[in-house]
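The values are calculated or read from the model by the stated rules, or taken from the named source; none is laboratory data. The structure displayed is predicted, hence computed values, not measured ones. So basically every Cβ, Gly included, is an ideal-geometry build from the backbone, and we count neighbours across all protein chains shown. Quick note on the areas: whole protein, heavy atoms, side chains included, nothing else; ligands and nucleic acids left out. Shrake-Rupley method; radii C 1.70, N 1.55, O 1.52, S 1.80 Å.
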Amino acid sequence: MKKITIAIDGFSSTGKSTLAKSLAKSLGYVYIDTGAMYRAVTLFAMRKGFISDKGFDQEKLIESLDQIQLHFEYNPEKGFAEIYLNNENVEQVIRSLEVSGFVSVIAAVSEVRKKLVEQQQNFGNTKGVVMDGRDIGTVVFPNAELKIFMSASAQIRAQRRFDELKDSSPNITYQQVYQNVVQRDAIDSSREDSPLIKAQDAIEVDNSQMSIEDQFELITGLVRQRQLEQ
């Protein structure tokens, strides 16, 4: 069947990456985790002292963007490509709640978005790509053959995220995670540059009460339908 471009957007902690990885593996497509790219830039800014609880020096980050090199390398043991920041594998460290607390602020910077969107579009120059993020169907790939917009209640998303973090970060509380989810929703949806919105031709999937298997089956069916239409 003809290869297509699949754009998956939606709120934080809706399982976009998990679904996108499974789809890419099943279809033999390339998977690009755009959220990991923004998290890696956030980690860079934190390490440089550009952003912390004390404030954010946006100009210093912008001036330092040419120091940031990002690439993905496929990990056969995990079955997906991991992100590297200046040749360091940061796939795990970028998942911390601390990084989560700053990533929406970093992602709202126009210069950061411009740099990363250009890279994302280059990654997807050929068909057979699954990409997830906040503005894939609206900005990065507005002509994608299949656009999915994923949602779920803030409470359920916070519980999912808390369950992921509680073993590695035993001091984290559900309330902290819930507040982070709500804060990220507000920033992502209200930023001036490429806010989180559902593309007009995107199919919305509320997975509040859906299992991973149910989601995969639903989206796979949509992919087959789009492939037949090409």
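Yes or no: V103 buried (at least 19 other Cβ atoms within 10 Å of the Cβ), farther than 18 Å from T18 by Cα and in contact with a Leu (Cβ under 8 Å, 6 or more places away or on another chain)?
Numbers: buried (at least 19 other Cβ atoms within 10 Å of the Cβ): yes; farther than 18 Å from T18 by Cα: yes; in contact with a Leu (Cβ under 8 Å, 6 or more places away or on another chain): no.
Answer is no for this residue.
Counting just the residues of the stretch 38-67 that are β-branched (V, I, T) and crowded, with 18+ Cβ neighbours inside 10 Å, which one comes out farthest from K25 (Cα to Cα)?
I51
To keep it simple, each residue is scored yes or no on (1) of a type in the set (A, V, I, L, M); (2) touching a strand residue (DSSP E or B) at 6+ places or on another chain (Cβ under 6 Å); (3) open to solvent by 40 Å² or more (accessible area, probe 1.4 Å); (4) touching a residue at least 60 places away in the same chain (Cβ under 8 Å).
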| residue | (1), (2), (3), (4) |
| --- | --- |
| V112 | yes, no, no, yes |
| V139 | yes, no, yes, no |
| S168 | no, no, yes, no |
| S190 | no, no, yes, no |
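When the stretch 79-97 is examined, which residues are found to be touching a Leu at 6+ places or on another chain (Cβ under 9 Å) and charged (D, E, K, R)? Walk me through it before giving the result.
So the first thing to find is which residues in the stretch 79-97 are touching a Leu at 6+ places or on another chain (Cβ under 9 Å), and the list is 83-86, 90, 93-97.
Passing the criteria: only R95.
Based on this model, can you work out whether Q227 counts as over 18 Å from the mean Cα position of the chain (by Cα), at negative phi and open to solvent by less than 30 Å² (accessible area, probe 1.4 Å)?
Yes; evaluated as a whole, the condition is true for this residue.
Can you tell me which residue in the stretch 141-166 is surrounded by the fewest Cβ atoms within 10 Å (Cβ to Cβ), limited to those that are among the polar types (S, T, N, Q) and not in a helix (DSSP H, G or I)?
N143
With the requirement that a residue be under 17 Å from V112 (Cα atoms) and either open to solvent by 20 Å² or more (accessible area, probe 1.4 Å) or touching a Gly at 6+ places or on another chain (Cβ under 6 Å) (or both), what does the stretch 23-37 give you?
Within the stretch 23-37, T34, G35 qualify.
Being within 24 Å of D53 (Cα to Cα) and open to solvent by 90 Å² or more (accessible area, probe 1.4 Å) is the filter here; which residues of the stretch 192-214 pass it?
Matches in the stretch 192-214: E192 only.
Testing G128 on (1) open to solvent by 10 Å² or more (accessible area, probe 1.4 Å); (2) touching a residue at least 24 places away in the same chain (Cβ under 8 Å); (3) on the phi > 0 side of the Ramachandran plot, one condition comes back false. Which one is that?
(1)
I'd like to know if the stretch 44-54 contains one or more residues that are touching a residue at least 60 places away in the same chain (Cβ under 8 Å) and either at positive phi or not basic (K, R) (or both).
Scanning the stretch 44-54 turns up at least one residue that is touching a residue at least 60 places away in the same chain (Cβ under 8 Å) and either at positive phi or not basic (K, R) (or both).
Here's a check for you: in the stretch 75-88, which residue that is open to solvent by less than 70 Å² (accessible area, probe 1.4 Å) and either touching a strand residue (DSSP E or B) at 6+ places or on another chain (Cβ under 7 Å) or at pLDDT below 95 (or both) is nearest to D53 (Cα to Cα)?
By that ranking, first place goes to L85.
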